[in-house]
Amino acid sequence: MGKRIIVQARGHGSKSYRVRPNAFRIRLTYPKKLAGEGEVIKLVNSTGHSAPLAKIKYNNGIFFIPAFKGMVENQKINFDSKEVREGNIMRLKDIPMKTPIYNIESRPGDGGKFIKTGGSHSEISKIIGEDIYLLLPSRKEKKFNRECRAVIGTIAGSGRIDKPIVKAGKAFYIRKSRNKLWPRTSAVKMNAIDHPFGSGRGKVPKSKIAKRNAPPGARVGLIRPKRTGGKKR
């Protein structure tokens with residue numbers, strides 16, 4: 001009987017392929033009802049995130065957001081002010097164009113879904129009627145609801161990839177903290193028993209068409225493609 005291939009083993013969820021629950025114990029979100037002013041009571045290091053996190057205390061409790069570049073403890077943050085100042089949480093309709101923002105809500109009240117990586121930010125590129133278009137770090141534009149909230153500023157931690165890793169062991173543990181498998185073996189270098197592309201006889205993988213709902217292990221190659229083969233000229 002053949003061994004399970006790697007994606008099947010990952011789906012099974014053994015200790016080798018499971019992230020530490022402690023790494024993602026902190027959830028980044030805005031409370032649904034946020035008004036008045038808050039205070040940054042602590043800057044937190046989290047192995048599951050690429051930027052330092054800010055622990056913010058407000059009238060009804062505590063919440064976490066990615067820290068912006070230059071944030072300090074005991075700093076005051078406003079939630080419903082029209083003043084454009086780093087750290088303030090504002091609605092997109094109140095933010096001027098070209099202002100750097102991050103932790104943007106996809107829908108009003110969902111707590112922030114876009115731009116959470118260290119060193120990144122977005123900005124408003126254009127406003128058409130009730131729709132606001134943001135220029136994302138990928139240089140693509142995306143339409144947002146004008147009631148969505150965002151934080152003013154650029155996320156801290158932009159220099160995290162400047163320092164060379166040097167050792168393979170360090171790269172392994174960096175990825176393991178986020179449940180990323182490394183090093184990754186190329187499929188054509190595996191044995192036939194381990195992967196559909198494996199074996200030494202044919203190094204050019206054949207086109208495999210997998211169903212969208214295929215189980216882990218069978219879901220390799222082309223996942224429910226619209227078309228296959230080269231285009232006819």
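Values quoted throughout were computed directly from the atomic coordinates according to the rules given, and no laboratory measurement underlies them. As the structure is a prediction and not an experimental result, all values here were calculated from the model. Reconstructed Cβ throughout: ideal geometry from the backbone, glycine too, with neighbour counts over all protein chains shown.
Got the relative contact order for segment 21-152 handy, in percent, Cα pairs under 8 Å and 6 or more residues apart? Mind showing how you got there, number by number?
Values: 298 pairs, mean separation 29.8, N = 132.
Once divided by the residue count of segment 21-152, the mean separation gives 23 percent.
Given a cut-off of under 8 Å on Cα pairs at least six residues apart, what relative contact order in percent is computed for the chain? Let's see the in-between values first.
On the way: 439 pairs, mean separation 41.3, N = 233.
Reported relative contact order: 18 percent.
Return the aspartates and glutamates within reach of LYS57: Cα separation strictly under 16 angstrom, same-chain partners fewer than 8 residues apart disregarded; answer none if there are no such residues.
Output for LYS57: GLU37, GLU39, GLU73, ASP80.
Can you list the HN-Hα couplings for segment 137-151, worked out from phi with the Karplus curve (6.51, -1.76, 1.60; θ = phi - 60°), rounded to whole Hz and with x for Gly and Pro?
Couplings: x, 6, 6, 9, 9, 9, 8, 10, 6, 5, 8, 5, 9, 7, 9 Hz.
So what are the ³J(HN,Hα) numbers for segment 68-76, from phi and the Karplus equation (6.51, -1.76, 1.60; θ = phi - 60°), rounded to whole Hz, Gly and Pro as x?
Karplus values, whole Hz, x for Gly and Pro: 8, 5, x, 5, 10, 5, 6, 6, 8.
Given the options PRO31, PRO66, PRO21, which has the most mean-square fluctuation in a GNM of the chain, springs set between C-alpha atoms less than 10 angstrom apart?
Maximum among the listed residues: PRO21.
Once every DSSP H run of n ≥ 4 in the chain is given -39500 (n - 2.57) and the sum is divided by its residues, what mean residue ellipticity at 222 nm do you get, rounded to the nearest 500 deg cm²/dmol? Working shown, then result.
Details: 2 runs with 16 residues, N = 233.
Helix contribution divided over all residues of the chain: -2000 deg cm²/dmol.
In segment 146-163, whose amide N lies under 14 Å from the spot 7 Å out along Cα-to-Cβ of TRP182? List them in ranges.
Answer for segment 146-163: 160-163.
Going down the list LYS32/LYS76; LYS32/LYS113; LYS98/LYS163; LYS15/LYS226; LYS76/LYS143, which pairs span over 25 Å between their C-alpha atoms?
Listed pairs above 25 Å: LYS98/LYS163; LYS15/LYS226; LYS76/LYS143.
Go through 112-121, 213-222 and give me the packing order, highest mean Cβ count within 10 Å leading.
Most protected by this proxy first, the peptides run 112-121, 213-222.
Pull up all non-local amide H partners of ALA156: gap of 5 or more, or a different chain, and H-to-H distance under 5 Å with H placed in the peptide plane.
ALA67, PHE68, LYS69, GLY119
What order do you get for ASP162, ASP80 when you list them from fewest to most C-beta neighbours inside 10 Å? Working shown, then result.
On the way: ASP162 7, ASP80 13.
Fewest to most other Cβ atoms nearby, the residues stand as ASP162, ASP80.
Toward the positive end of the charge dipole of the chain, about the Cα centre and with charges on Cβ (Lys, Arg +1; Asp, Glu -1), which of THR185, GLN75, SER158 goes farthest?
THR185
Please report, in debye to the nearest 20, how large the charge dipole of the chain is about its Cα centre when each Lys and Arg carries +1 at its beta carbon and each Asp and Glu carries -1 there.
For the chain, the charge dipole is close to 2000 debye.
Over the Cα atoms of segment 32-190, what Rg and Dmax result, in angstrom?
Rg, Dmax (Cα atoms, Å): 17.8, 59.
So what are the ³J(HN,Hα) numbers for segment 117-127, from phi and the Karplus equation (6.51, -1.76, 1.60; θ = phi - 60°), rounded to whole Hz, Gly and Pro as x?
7, x, x, 9, 7, 10, 7, 6, 9, 7, 10
If I stretch the segment between LYS42 and ARG139 completely, what's the gain in nm (0.36 nm per residue apart, minus their alpha carbon distance), one decimal?
In short, 31.6 nm is gained.
Show the residues, 5+ positions off or on another chain, whose built amide H is closer than 5 Å to the amide H of SER125.
So SER125 has HN proximity to TYR133, LEU134, LEU135.
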